[in-house]
Amino acid sequence: MTNRDLGRCLVCDDVAIGINFGVPTCMPCKAFFRRNAVKLGTQEFVCRYDGDCIITHKYRRSCNCCRLAKCFRVGMRKSSILSDEEREARNKLVAINRLKRGQLTQPECLIGIQLSALFRMPSKSTQYLSSSDQMLLTNIFNAYENTCILARNTTLKNYPTVQHTSIHGFANEIAAEYEIAFEYLKLIPEFNNLTMDDRVRLVKNHPGTIIHINEPLMHPGPSNNLVGTWTNIFGLDITKRLFRRNRIIEQFIFDPIILKVVLIIFVLSSGNSRNIDHPDMDSICDSPLSILIGQNIYVELLWKYLLSRLPDEKHAVIFFNRLVMFILFAQKIHLEVDDYIQNLKHEIEQMEPMMQSMWPKTDSEEDNNDVTIAQDVTP
């Protein structure tokens, strides 16, 4: 609605900028009413003249008493004034709605082009993929469908069930999503054949990889509850980056294989990808060579799959580079969230044992929560 449509301010006859507290007003009268109407009863307003001063945009500051009286006379409502807490909640809701509609400033896309266009060429699977490669890809697809997608359509259909206001509440609900991801990983032989200690260590070293790839893959369009939860517990800054993460990853979801393989590759990384100094997380795995061999299998499989789906090797290199850029962006968000939670010891203490173990205790404290993860990653 334009200023011309709104007409004049009913208080001072200046140009109205909107409907404020029930009537069209200018910005100065809106601010004046919000600032002074709440003072009634605690501050005395006295006119120096006869109580009927002329209020125009030129003389509106000459008498606060008559100006406030005119505000009420033209219909402005004190009940419409929000408290600081109510205004903060409203601003948060507006920001969330703008995020949902994509009206916030769009950061430059890390991908640059529509990646799905690259995959419109005929598949050259027989040229690059052996029969065993194709069987492995089929197993990966079926494993994910029978675990993560099945859960998304049943037990995790309404994830999250509420708009959480605490990190521990959200983490405890995320636990179910982690457990489903573990079920998927247990169907990958190169992960499941590792020692129990190595499986536990890999899971603890890569919670961000699991959540930042798997959550958008399972829930590509974040629900209102998820957006509200992000905003409540992380604030708008991190929420914006989580939305950006989703916008980027959605450009890869069109393909039924890529991200499922990427998830395996990054979980099969023996290094500590977190800013947590803990002796067990930093220690060398029992079978580092087995982990490396397993990871190489899926890196090579992903590369051959890209060659089979893209026009030529040049396009495969471009795609792979952009995929790595996305992973680095998601990893940066993970480190920020990880550091944020790590500093909230009281929240971690209220998490379920499995989620607590993702943020190990100090050397002086006993940590028995690995037992819970071990149970989840054991066949």
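Compute the length gained on full extension between Tyr49 and Asn296: take 0.36 nm times their separation in residues and subtract their Cα-Cα distance, giving the result in nm to one decimal. Intermediate values should be presented prior to the final figure.
Details: separation 247, 0.36 × 247 = 88.92 nm, distance 8.76 nm.
So the chain would gain 80.2 nm between Tyr49 and Asn296.
May I ask you to compute the full-extension gain from Trp303 to Val15, defined as 0.36 nm times their residue separation minus their alpha-carbon distance, rounded to one decimal in nm? Before the final figure, lay out the partial values.
Details: separation 288, 0.36 × 288 = 103.68 nm, distance 6.31 nm.
Residue separation times 0.36 nm, minus the Cα-Cα distance, leaves 97.4 nm.
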Please work out the C-alpha center-to-center distance from segment 53-84 to segment 296-344 and express it in whole Å.
59
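Can you list the GluC sites (Glu not before Pro) in segment 26-87 that are in a DSSP coil and have 16 or fewer other beta carbons within 10 angstrom?
Details: sites: Glu44, Glu85, Glu86; in loops: Glu44.
Answer in residue order: Glu44.
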Using each residue's phi in segment 141-153, evaluate 6.51 cos²θ - 1.76 cosθ + 1.60 at θ = phi - 60° and report the 3J(HN,Hα) Karplus result to the nearest Hz, with x for Gly and Pro.
4, 5, 4, 5, 4, 7, 10, 5, 5, 4, 5, 4, 8
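Using packing as a proxy for protection, rank 226-232, 332-338 so that the peptide with the highest average count of other Cβ atoms within 10 Å comes first. Could the numbers behind the result be given before it?
Values: 226-232: 20.9, 332-338: 17.6.
So the order, starting with the most tightly packed, is 226-232, 332-338.
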Under a 5 Å amide H to amide H cut-off, with H placed in plane at 1.01 Å, what residues pair with His57 once short-range neighbours are removed?
Asp14
Can you sort Lys204, Lys314, Lys39, Lys304 so the residue with the fewest Cβ neighbours within 10 Å comes first?
Lys314, Lys39, Lys304, Lys204
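Looking at this model, which pairs from Lys204/Lys332; Lys30/Lys58; Lys186/Lys332; Lys240/Lys332; Lys30/Lys78; Lys157/Lys186 are more than 19 angstrom apart at the alpha-carbon? Each step should come with its number before you reach the end.
Working: Lys204/Lys332 17 Å; Lys30/Lys58 16 Å; Lys186/Lys332 27 Å; Lys240/Lys332 14 Å; Lys30/Lys78 11 Å; Lys157/Lys186 22 Å.
Checking Cα-Cα distances, Lys186/Lys332; Lys157/Lys186 exceed 19 Å.
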In whole Hz and in residue order, list the ³J(HN,Hα) couplings for segment 23-36 that follow from phi through the Karplus curve 6.51 cos²θ - 1.76 cosθ + 1.60, θ = phi - 60°; x for Gly and Pro.
9, x, 9, 7, 5, x, 6, 4, 5, 4, 5, 4, 6, 9
For Asn20, what residues show an amide H to amide H distance below 5 Å, using hydrogens built from the backbone and excluding near sequence neighbours?
Thr25
Long-range amide H partners of Arg8, meaning residues 5 or more apart or on another chain whose placed amide H is closer than 5 Å, are Ala16
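Only the coordinates and a few stated rules stand behind these numbers; no lab work does. Just so it is clear, the model here is predicted, and its values are computed rather than measured. Virtual Cβ from ideal backbone geometry, glycine too; neighbours counted across all protein chains shown.
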